[in-house]
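> First, the structure itself, so that you have it in front of you.
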Amino acid sequence: RQALKSLKEGTGKGSDFLGWLNLPVEITSEQLADIEKTAAELRARTQVMVVIGIGGSYLGARAVIEALADSFHNYENTGMKVIFAGHNIGEDYYHELIHYLQNKEFGICVISKSGTTTEPAIAFRLLKELLEAKVGKEEAGKRIVAITDASKGALRTLADQEGYKTFVIPDNVGGRFSVLTPVGLLPIAIAGFDIKELVQGAIEMRKACIDDEKSIALEYAVARTALYRKGYAVELLANFNPKLHYITEWWKQLYGESEGKENKGIFPAGVDFTTDLHSMGQYIQQGVRMLMETVISVGKPHYQVQIPSDAANLDKLNFLAGKRVDEVNKMAELGTQIAHVDGGVPNMKVCMPALTAQYIGQLFYFFELACGISGSMLGVNPFDQPGVEAYKNNMFALLDKPGYEEASKAIKAKI
Ligand code: PA5
């Protein structure tokens, strides 16, 4: 409760990064309308949008889009395909992406708060060149939108110079807490999903959690912290719905980057069940007892599929005939939780009634608030990420970036 109080009063560590606490209630209908209008304009000009970004400038949008999209038809029901770049430095990935885009009407949504992150900057350089060569500089300018800082960074300078449409990431919102800013909302709107519903969900969860000293965000933060203090150093976020895979990736970043510092913090890991029960299930059941598990349980699927009867019954599955696939999945979920508790893995459960934009908005706010509370209880600044610089400095030194001459000599001597 003290941690929640310090978050609300802005008296804890990193208090200049608390803008996310009020984002859902502060975003205006004009801002949402501008995002939706821009998304509609981009959809009218393109068949494919490439969303460029990494970390907090990538995972929230992907999490929502993958959760709400058809598993096989992508987002083409809206006449639009959204794909991602700038989240890796894979040469083959970029070769294949350029090849794929060659004959497509495409546009680019480039996202970087700092405006200087290497991975998205490389992707943008490659795709901007391709787009300008394909459709000319003027049309390319109409198909590129930049989401970045209001005044700082290379992307801001470039966007202003080229006259791109831009959206601003507020100063007081860190990357991994930015899904409810244009960082998440514009790509989600481009994919054709309802951003108002998403924000509405976050508003609801905020109302339910922010002033209530018995809120579920406090309950979750307290439970995982108590377990950590008892020696459970790893938290598995488990789902039984493949559409949640990127929600887990988003959660891993949120908690890993917020808590893993000063030689402390729960290691956040993710598993997709039942898939991973056939790979990681053995370790979870009987490996080192350092695991706690949080299951995201989705109440109702959107569709119904029944298991058919089979006259020969060679697979001996007729006892399931007439049951829905989800009935089997739910029993797998319950059976797994009981097995894991019996095996010494403390188990928590977060229930979502269904996989909709509204409930995803609730889930985001719930996990963000709980993360702020947990991080404060851990005694760290949950809103910085100083450790991320180490690999960057080494990479720049190894690549002989101007200004890194001394570091370059030092690192090369180590090899
Ligand atoms: O949460 C964070 O702050 C990071 O994960 C950033 O989002 C990530 O490093 C990308 O940074 P930027 O948006 O400045 O390119």
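The values are calculated or read from the model by the stated rules, or taken from the named source; none is laboratory data. Because the structure is a prediction, the values reported are computed rather than measured. Backbone-built Cβ (ideal geometry, glycine too); neighbour counts: all protein chains shown. Heavy atoms of the whole protein, side chains included, go into the accessibility calculation; ligands, DNA and RNA do not. Shrake-Rupley method; radii C 1.70, N 1.55, O 1.52, S 1.80 Å.
> Tabulate in residue order the Karplus-calculated ³J(HN,Hα) for region 167-179, using 6.51 cos²θ - 1.76 cosθ + 1.60 with θ = phi - 60°, rounded to whole Hz; enter x for Gly and Pro.
10, 9, 9, x, 4, 8, 10, x, x, 6, 10, 9, 4
> Taking Rh as the Kirkwood radius computed over C-alpha pairs, what is the Stokes-Einstein D of region 274-415 at 4 °C in a medium of viscosity 1.567 mPa s, expressed in µm² per second?
Rounded, D is 64 µm²/s.
> Can you tell me what percent of all Cα-Cα pairs in region 302-380 are more than 22 Å apart?
55 percent
> Find the centroid of the Cα atoms in region 242-292 and in region 1-26, then give the distance between the two in whole Å.
The distance from the Cα centre of region 242-292 to that of region 1-26 comes to 26 Å.
> Now for a separate question. Tell me, Kirkwood radius of region 129-199 from alpha-carbon pair distances, in Å?
Result for region 129-199 stands at 13.4 Å.
> Could I ask something else about it? Report, to the nearest whole %, how much of the accessible area of region 1-160 belongs to carbon and sulfur atoms, 1.4 Å probe, protein only.
Summing carbon and sulfur atoms, their accessible area is 50 percent of the total for region 1-160.
> As an exercise, take the mean of 1/r over every pair of distinct alpha carbons in region 205-355, invert it, and state the Kirkwood radius in angstroms.
Averaging 1/r across every pair of different Cα atoms and inverting gives 17.2 Å.
> Now for a different question. Take peptides 366-379, 269-282 and line them up by average Cβ neighbours within 10 Å, highest first, as a rough protection proxy.
Going from most to least packed, we get 366-379, 269-282.
> Quick check for me: using +1 on Lys/Arg Cβ and -1 on Asp/Glu Cβ, what's the dipole size of region 276-412 about its Cα centre, in debye to the nearest 20?
Around 140 debye, computed over region 276-412.
> Where does region 195-270 land on Rg/Rh, using Cα atoms and the Kirkwood Rh?
With Rh from the inverse mean 1/r over Cα pairs, Rg/Rh is 1.01.
> How much area per residue is accessible in region 1-149 when the probe is 1.4 Å and only protein heavy atoms are counted (Å²)?
46 Å²
> Please report the antiparallel percentage of DSSP beta bridges with both residues in the chain, rounded to the nearest 5.
If we restrict to bridges inside the chain, about 5 percent are antiparallel.
> Output needed for the chain: three equivalent-ellipsoid semi-axes, defined as square roots of 5 times the C-alpha gyration tensor eigenvalues, in descending order, whole Å.
The answer is 35, 28, 23 Å, longest axis first.
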